[in-house]
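Asks: First the structure, then my questions, so here it is.
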Amino acid sequence: MLVHDILSYSKIDNEEIKFESVELDEVLYFVIDFLDVNDQVTFDDLTEVVCHKSQIQILFQNLIENGLKYNQCAIPSMKIINKNSSDMILIVYAGNGLGISPEDTQSIFDVFSILHSNVEYEGTCVGLSICKKIMAEHDLQILLRKSTKDGSAFEVTWP
């Protein structure tokens, strides 16, 4: 799994990016179905954007998986909220998970940033790094907007 994630991370720079008009609802339905988390994810209708579709699928997948995996609630859940305005597209991924401590907020997008024991939460610690790299390839922004003991919220912004 680690080798796969490192290859995914390095491939982002080397992949020829073909931007196309993509319905984000389609991407979201695909990812939710692929992860089999239909009952754990609620969402607003999203919009159409110009992007590299497979990279945005990876972005959605990593954000949803992390929100549901790093969780001790009886029913892990994620809300995907559309906060579009006339001059930007803003999508919030809000989960009810563990939250991220203030001292870790600067490093969460670093490769191999380990916040939890690998015994407790299996993973490679590359997912958010991949998200950050995808956003950079698209000249877009991803931010950790809120994090408390009741969960975290990430914002993805398109101009």
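Asks: If each of PHE19 and CYS73 carries a label point 7 Å out from its Cα toward its Cβ, how far apart are those two points in nm?
Replies: Here the answer is 3.5 nm between the modelled labels.
Asks: How far, in nm, would the chain grow between VAL50 and GLU103 when pulled straight, counting 0.36 nm per residue and subtracting the alpha carbon separation?
Replies: 15.6 nm is the gain from fully extending VAL50 to GLU103.
Any read-out appearing in this document is the output of simple, stated calculations on the displayed coordinates, not a laboratory observation. Since this is a predicted model, take the numbers as computed values, not measurements. So basically every Cβ, Gly included, is an ideal-geometry build from the backbone, and we count neighbours across all protein chains shown.
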